[in-house]
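Working notes, structure below.
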């Protein structure tokens, strides 16, 4: 080979180092694999996990490649929940995502950033100093909206013009519950409805509360959305059908289980959105500086099978407003 040809060949190689020469050691190392704990008091499978997974995938997180999502379930089992939390103190966890009752157990138990989506008031629960500046290791989203409480009563009244007595099923172990009850009372009485308050404390008192609802002989029932009733949504929804009670809930998952109506934020969309915060936290931002969000879009869902079972004719004014009908 002539010297000129050799120099030309060498120049061509230098122009395409990524093909012909080994990459630098730092460039060959795989990207960090983030470890996320998903802690749930739901039964498996968790109805909210898919929305979060979709959101993470859209932001470039692929399970098994650059993120590991470890699912931990402790439905109605305090010992199992404590065991999960103990893992946080021992393991290499980058982020926790949770909701409802599991959040309380984590308060003060870990310094790991915790993302939540809860129906109650995170400030009252002690998770944050304020919605604008949490100032701790917790942030996320809250579904609490007192305006929605009144709107749910109005929708029930539109379907049931003769509605006079309304049973209000409420878990008192729910931060913000008294504010929600107050807003419900005001809306009901403005519409000439007598609200019958049926409180219960935690899952052990739910059956007794349902018996109280049955004995109240109400015209309809509204159920405040929160952890205990969402876990037991099928039981509550089927109870309402069995007792001929039109029922109103806060989230569409209740309607999927047989509830008549729901009006509130779309949970799947909220958890999809939560992935945005997960991405920011994994990139190094601090939860203390990420404001707790509140959904701005709400959906009205109708279970037409339940309406037929109850012998209800849904007014056209409601049908025109429904975002989803469950056939």
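The numbers here are math on the coordinates, done by the rules we state, and not lab data. Bear in mind the structure is a predicted one, so any value in this text is a computation, not a measurement. For neighbour counting, all protein chains shown are included, and Cβ atoms are generated from backbone atoms with ideal geometry for every residue, glycine included.
Spatially, the stretch 215-290 and the stretch 125-171 are offset by 10 Å when compared through their Cα centroids.
With both labels modelled 7 Å from their Cα along Cα-to-Cβ, the residue 207 to residue 297 distance reads 4.2 nm.
With springs connecting C-alpha atoms under 10 Å apart, model the chain as a Gaussian network and identify which of 286, 32, 129 has the largest mean-square fluctuation. Checking each option, the largest mean-square fluctuation is seen for 32.
Of 174, 34, the sequence from fewest to most neighbouring Cβ atoms within 10 angstrom is 34, 174.
Each of 84, 112 has some number of other Cβ atoms within 10 Å of its Cβ, and from fewest to most they run 112, 84.
Ranked from highest to lowest mean number of other Cβ atoms within 10 Å per residue, what is the order of the peptides 152-159, 259-266, 203-210? Don't skip to the answer; put the middle values down first.
Working: 152-159: 20.1, 259-266: 25.9, 203-210: 16.0.
Descending mean neighbour count gives 259-266, 152-159, 203-210.
Which whole-number percent of Cα pairs in the chain have a distance greater than 33 Å? Considering the chain, 36 percent of its Cα-Cα pairs are separated by more than 33 Å.
Sum -39500 (n - 2.57) across every DSSP H segment of at least 4 residues in the chain, then divide by the residue count to get the 222 nm mean residue ellipticity, nearest 500. Before the final figure, lay out each step's value.
Details: 15 runs with 135 residues, N = 327.
Using -39500 (n - 2.57) per qualifying helix, the result is -11500 deg cm²/dmol.
Each peptide in 298-306, 85-93 gets a packing score, the mean of other Cβ atoms within 10 Å over its residues, and the list from highest to lowest is 298-306, 85-93. Residues 121, 256, ranked from the fewest to the most other C-beta atoms within 10 Å, line up as 256, 121. Separation of the stretch 311-325 and the stretch 87-106, taken as the distance between their Cα centroids, equals 41 angstrom.
For the chain, what proportion of DSSP beta bridges, expressed in % and rounded to the nearest 5, is antiparallel?
Values: 4 of 43 bridges.
Antiparallel bridges make up about 10 percent of those DSSP assigns within the chain.
Mind telling me which of 291, 113, 47 comes out most flexible in a GNM of the chain, alpha-carbon contacts under 10 Å? Comparing 291, 113, 47 in a Gaussian network model of the chain, the most mobile one is 47.
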